[in-house]
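The next block holds one structure in the form of structure tokens; read it before the comments.
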Amino acid sequence: MKTSGVAVSKRWRRWAGAAACGAVLVTAPVASAQDETPVEPRPERLYFNPGALLGSARVVALGGAYVGIAEGAAGFPSNLAALAHRGPTLEKDWDLGVTLSWLDLPFTSGRTRDVDNDGKADASRDRRQLLGGLLLQYKRFGIGFALRNSAVTYCATEACAGDGERIRVSMTQSVLAGAVSFGQDDFILALGIYAAQATFQLASGGPDLRYGDTAVAVDMLYRPHGRPWRLGVTVRPEVVADWRREEGQSPVLAGRTLFGAVVSPAVLSLGASWRMGEGAERYNRLSPAARRQLILEGDALPVPDEEPKDAPAGRWLISAQVDLLSSVDNAVPLRSFASTAEEEPVGHTTLFAPRLGVEHDTVPGMVRLRAGVYAEPSPFDGRPPRPHITGGFEVFVLRYWEDWSISASFDLASRYTNVGLSIGFWR
């Protein structure tokens with residue numbers, strides 16, 4: 001009996017051991033599956049702040065009040081209708097224009113500048129912005145592409161020991177558009193595919209985490225022939241760019257969990273411009289190319305008499321504009337990536353940005369002076385709009401193939417300085 005009892009006891013221990021091994025084998029895959037559960041991004045959306053004024057020397061000097069002017073490649077990023085807005089001296093059926101602006105803020109350090117207008121010194125390690133545009137006109141039609149890129153680097157940890165602890169953020173707004181003019185170039189309508197994109201990566205390199213989406217933009221310009229004024233309207237839709245997860249990607253960089261989307265607020269801009277002085281009624285005169293096209297097409301509209309190229313068209317130009325920025329939900333600022341940043345919502349109220357610019361042909365055909373003001377709204381709670389003073393000049397240099405000029409501009413505000421210099425064509 002004792003022998004039999006020992007045998008039973010040994011069998012029981014072997015069965016218990018086998019059962020335990022089986023339990024481990026069964027539970028191991030479950031634990032492994034739990035460890036491989038993908039990390040989800042944060043529910044908040046990163047706010048795409050329209051930010052600092054960026055553009056050609058003329059656009060900046062006029063305080064950004066350019067929606068109601070909409071001239072040339074420099075005006076294309078402000079109002080898409082500039083694509084089909086033929087210059088008053090254009091003689092060919094086609095025209096090509098290029099604009100490029102770069103903002104680096106080399107004269108101020110992160111401890112003294114406040115680009116975000118949040119009342120605090122910038123927490124970024126570096127910050128650069130780029131604006132570019134290309135347009136092609138043919139008769140009444142125009143097509144073009146423009147983009148604005150902002151690149152910022154933040155320290156994700158207080159030590160910030162190396163590039164592996166820094167997050168580089170690149171945010172881009174771009175538009176591919178077409179436009180057409182009607183009548184005596186009195187009315188111009190433009191449509192565009194508007195996109196908001198963002199890229200996140202470690203400063204040391206590695207795979208990119210990308211966000212992106214598109215919407216439709218609609219712009220207009222009314223420039224009645226024989227009148228000294230223009231009206232412009234631009235509509236930039238709200239774009240919510242979701243994270244485009246690639247296989248095996250995790251929304252974590254330098255120990256920071258990224259956001260589920262990037263949101264660019266909708267912007268409605270209303271602008272007007274007026275010419276004053278002798279010949280102000282020529283402000284919206286037809287170009288030789290447009291006049292020739294009306295004659296060849298045998299349009300029912302009367303063809304105005306051709307005017308001398310050097311005929312005065314008003315020495316004063318005044319431009320006014322107001323931008324309306326929509327509110328957004330569940331948004332946080334870009335500086336949330338900084339190791340010293342505090343969590344706070346932004347952009348949940350509607351914002352207004354009034355602008356006013358003045359240009360004077362001080363020496364006709366040789367020198368132009370410009371000045372402007374605007375109020376930069378802040379998406380941060382409790383922050384009042386920041387006033388800016390702008391200005392600049394343009395000087396005719398020489399005539400070789402085209403009429404060349406040099407332009408300069410400045411944009412001054414509290415904890416913000418932007419000085420620009422550009423080379424272009426005298427118009």
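What to note about this one:
- Measuring spread by the Cα atoms of segment 41-128 yields a radius of gyration and Dmax of 17.6, 56 Å.
- For segment 249-349, applying the loop criterion from DSSP together with a ceiling of 15 other beta carbons within 10 Å to the trypsin sites (Lys or Arg not before Pro) yields 309.
- Percent RCO, i.e. relative contact order, over the chain, from Cα pairs under 8 Å lying at least 6 residues apart: 17
- Whole-angstrom gap from segment 345-397 to segment 181-209, using each part's C-alpha centre: 23
- For segment 365-404, taking the reciprocal of the average inverse distance between every pair of different Cα atoms yields a Kirkwood hydrodynamic radius of 13.2 Å.
- Loop sites by DSSP among the GluC sites (Glu not before Pro) of the chain, restricted to those with at most 13 other Cβ atoms within 10 angstrom, leave 159-245 as the longest stretch without any of them.
- Computed on the Cα atoms alone, the convex hull of segment 292-358 gives a volume of 263 cubic angstrom per residue.
- The chain: radius of gyration over Cα atoms, expressed as a fraction of 2.2 N^0.38 Å: 1.34
- Angle in degrees between helix 288-297 and the longest Cα principal axis of the chain, rounded to the nearest 10: 90
Every number in this text was worked out from the coordinates using simple rules, so none of it is lab data. In this text the structure is predicted, and so the values were computed from the model without any measurement. Virtual Cβ from ideal backbone geometry, glycine too; neighbours counted across all protein chains shown.
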